[in-house]
1. Restricting to the range 424-461, give me the number of residues that are assigned to a loop (DSSP other than H, G, I, E, B) and either free of Cβ contacts under 8 Å to residues at least 12 places away in the same chain or within 26 Å of the chain's Cα centre (by Cα) (or both).
2. Taking Val177 as the residue in question, decide whether it is more than 30 Å from Asn95 (Cβ to Cβ), among the β-branched types (Val, Ile, Thr) and in a strand (DSSP E or B).
3. For residues that are in a strand (DSSP E or B), at pLDDT 85 or above and either over 20 Å from Ser461 (Cβ atoms) or among the small types (Gly, Ala, Ser) (or both), tally how many sit in the range 480-519.
4. Within the range 71-101, track down each residue that is in a helix (DSSP H, G or I) and hydrophobic (A, V, I, L, M, F, W, C).
5. Mind listing whichever residues of the range 353-374 are under 18 Å from Val197 (Cβ atoms) and either at pLDDT below 75 or in a helix (DSSP H, G or I) (or both)?
6. Select from the range 411-450 the residues that are among the aliphatic types (A, V, I, L, M) and surrounded by 12 or more Cβ atoms within 10 Å (Cβ to Cβ) and write down the one among them that is nearest to Leu183 (Cα to Cα).
7. For the range 268-292, what are the residues that are in a helix (DSSP H, G or I), more than 29 Å from the chain's Cα centre (by Cα) and either over 19 Å from Pro120 (Cβ atoms) or aromatic (Phe, Trp, Tyr) (or both)?
8. In this structure, is Lys420 out of contact with any Asp or Glu (no Cβ under 7 Å at 6 or more places or on another chain), over 20 Å from Met703 (Cα atoms) and modelled with pLDDT under 80?
Amino acid sequence: MRSSLAGPRVLLRRLREVMAEPIDAQERLDNIVRLIAANVVAEVCSVYILRADGILELFATEGLNKGAVHETALNVGEGLVGLIASNARPLNLPNAQAHPSFAYRPETGEEHYNSFLGVPILRAGRTLGVLVVQNKEHRTYFEDEVEALQTTAMVIAEMVAAGELEAIAQKGTTIDVIRPMHLTGVSLADGIGLGHVVLHEPRVVITNLIAEDADSEKERLDDAVLRLRQSLDRMLASGEFSQHGEHREVLEAYRMFAYDRGWVRKIEEAIRNGLTAEAAVEKVQSDTRAQMLRQTDPYLRERLHDLDDLAHRLIRELMGREHGANDSDLPKDAIIIARNMGAAELLDYDRDRIRGLVLEESGPTSHVTIVARALGIPAVGQVEDIVSLTEANDAIIVDGEVGQIFLRPASDVEQAFADKVRFRAKRQEQYRQQREMESRTKDGTNVKLQLNAGLLVDMPSMVDAGADGVGLFRTELQFMVASSIPRMSEQQELYSKVLDMAGDKPVTFRSLDIGGDKVLPYLRFAQEENPAMGWRAIRFGLDRPGMLRTQIRAMLHAGAGRKLRIMFPMVANTSEYRRARELVEKELAHLKQHGHEVPAELKLGVMIEVPALLYQLEEIFSEVDFASVGSNDLFQFFYAADRGNNRVAERFDSLAPAFLRALKSIVEVGNRLDKPVTLCGELAGHPLSAMALLAIGYRRLSMSPASIGPVKTMLLQLDLEKLRPEFSTHLQLCNGLDDVRSFLKSFAADHNIPV
C-alpha cells in the first residue's frame, strides 16, 4: 500500500523550523528523526555518524531502544548501515533480515522491523554517516520517499560539517569530518609550511538549503544555467581558446556537461523536492561524486573533476560570487589548495602570506611548480582528492621535502614539525653565514655555484644564497605569466633589470623554450603525439624566427655596453646552432648600422639535452663559446622516460653509471677544447649527486636558490682529490643502478661530509 508521505517539500519546511530552534545538538537531532518518522510512514528513523576511527555510531533514533544511542556501533562495510557507508548508495529492502549483510544488534530491538531504507549522509562526495527508516510491514519504499530521505541527509551533513555534533560525541572519539589525515603526493618544491587551508576556488558555503518557492528557484536555475552556457560559449569563441589545445578541450568538456539535459533535470527534481537552486546543485554533485569516486576508470574520474568545476561555477552564478579566492581575506599563514592552477594565478597572491601550496595535479616540471620554487614556497602535487577533503581554515602541514601532507594534524605532529621548522631555520642561518665564503673544496678546488632563475623575484636569492651568478635564466616564464606576447620593450626591460641586479656576476639567458609542455594559450600549437620531443624550443624559434629575432634584439639592447651570454635550448645538431648564431649576427649588424650601442662582450652557447649531440661534441664545442648540460631533459631522452609519467619517472636512477659516463664525456671534451661547461637541473641541486658531478669533472653547477646552501656545505667538507680516483675506478667497474649511490653515501659517511 502507498505510504502517506507528506512530501519532501513539506518535510523540508518542517525541518527548517527544527533547525531554527534554540536547542542543543542532541535535541535537534532527536527532533529530526522524530519528524522524519512522522512524515514518512515509518516506525523507526535512525542516524548513524561516521567517527574518525571508521566506526558508524548511532547518534539518534526514533523507534529503536533509546539506550542504544551512542552505544551501538558498526564498522564501515558491516551490516546494512555499513554497506551503505561503504558504497555511498541508497539501500531499499522489503525484507532486510533476509539480506546477506544484515547484522543483528540485540540492544536496538530492530528484529521487529522488516522493510528498510537507508541513504548515505554525503558532503562533497564524502560519506559522513547513514540515515535509516524501517517498518514492520514488508514493503519497498517509493522513489519520492528515497528522495525525501536523501534531501534530509543533506541537512544533517551540514550539521556534521559545521562541527555541531562534535559536542555530543562520546569522550575520546572524534567525528570523521574533522579527523586528522596523512596524505602523500609528489614533492614539487622543498620546504615545510604550517598554516591554514585557503581553497583557490573557495567552496561556497550554502546556508539557505530549503526553498520558499520552488517556481522561483527553478527560474533562478534557468537564468544561471543560461549565463553559464553563454560564458562558456564566449570563452570558446574568443581568440585565446579558438585553437585546438588542452585549454579548449577542458572547456569543450565543460560545455558538453552544461548542455546535458540529464544533469539539469536532476537539479530541477531536487528543487521540486524543496531545495534551493544552489543546494540542489550541491546535492546532485555530491551524489554524483560519491558514485564516481568509486570508479577505477581514470577517464571517468577525470570527468568527475570537470563536473566538480562546472557545479562550482554554477553555484557561483546562482549566488553572484566571483571566481577565485579573495586575497583580502588571506590569513597570514595561508596554504593554498587547488586542483591545479597557472603560474600567473600563484603570483597574484600576496607572497608574504603564503606558507605552502598543495595541488591535486601538477608535476615537478609544471609552470606553477617552477614559480613556487622561485618564490621559495613549499609545494606538494598529485595529492588525490585534496580539494574535497579540506575545509577552509583547516590546520594543515605541507612537507615539501618528502611530499607529505598532514591535514588537521594532532598536536604532537604539529609540535614535531614546528621543531623541524626551527631546525631548518638554524640550518638556513648556517648557510647565510657561509654565503660570503668561496665555493672551494677542502683540497682547494674552486667550484662555481650558480642560480637557476626565470623571474625578477628570483634575483634577490642570488645575493641571499651567495650564488656566483645566474647559470640559467628561463626567459619563457615571462611569456607564461603574461596574457599576450610580451612586447620587445617589455622583454628588454626585464633583461635590463636582471643584469642590473646581477651586477658584475654573469647571467646566461636561455632563448625561448616553449612548446612541449610549455604551451602558451595565446599561441597556436597543433596537438602532437609526443610534445616533449616535438616542435619546441630552437625548432620553433628557427621555423618562426620573428619571435626569436625580437627576443634576441631585446637581449642585445639590454646588454648594451655589458657582458651578455645567450644560449639556445634543444639543439640537436650543429647546423641548428649555426642558424641561430646567424640570427644574432644579423641583429647585431642591424644595431651597429643604426648607431645603437652593443654588448661589450657577447658569448653564445647551447644546451646539451638531446642525446644526438653526444656524438657531435667535438664539432659543437668548436663552434660555441660555452655549453650547459640540461640534465632534466637529457636524462628523460637518454632513458626514453617521460618525467611527467609516474609509472616510469622513478624507474631509472639519475646516478646510473651509463648516464654519468655520458655526462663525463661532455665535460671532458669541453675541458680539452677550453670551453666552459655548466650543468643545470635537479641533478646539480642535491649534495649527493653534486658530489658525483664534481668527481667526473664539473666545476660549474646551476641550481635552485634553496639548493645552493646544502651543496656548498657539502663541498666545503669534500676532499675532491681523495674522491676522484676512487670514484673513477668505481664508475668503470660498477654495473648496478644502486652501486654509485651507495658508494657515495659510504664515502660521505666515512669522511663526515653532509649530504
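The values are calculated or read from the model by the stated rules, or taken from the named source; none is laboratory data. All values reported here derive from a predicted model rather than from experimental measurement. Neighbour counts are summed over all protein chains in view; Cβ atoms, including those assigned to glycine, are modelled from backbone coordinates with ideal geometry.
1. The total comes to 5.
2. So Val177 fails the test.
3. Of the residues in that region, 0 qualify.
4. Leu80, Val81, Leu83, Ile84, Ala85, Ala96, Ala98
5. Arg353, Ser362, Val368, Ala372, listed by residue number.
6. Val413
7. Residues satisfying the conditions are Glu268, Ile271, Arg272, Ala277.
8. Against the criterion (out of contact with any Asp or Glu (no Cβ under 7 Å at 6 or more places or on another chain), over 20 Å from Met703 (Cα atoms) and modelled with pLDDT under 80), Lys420 does not qualify.
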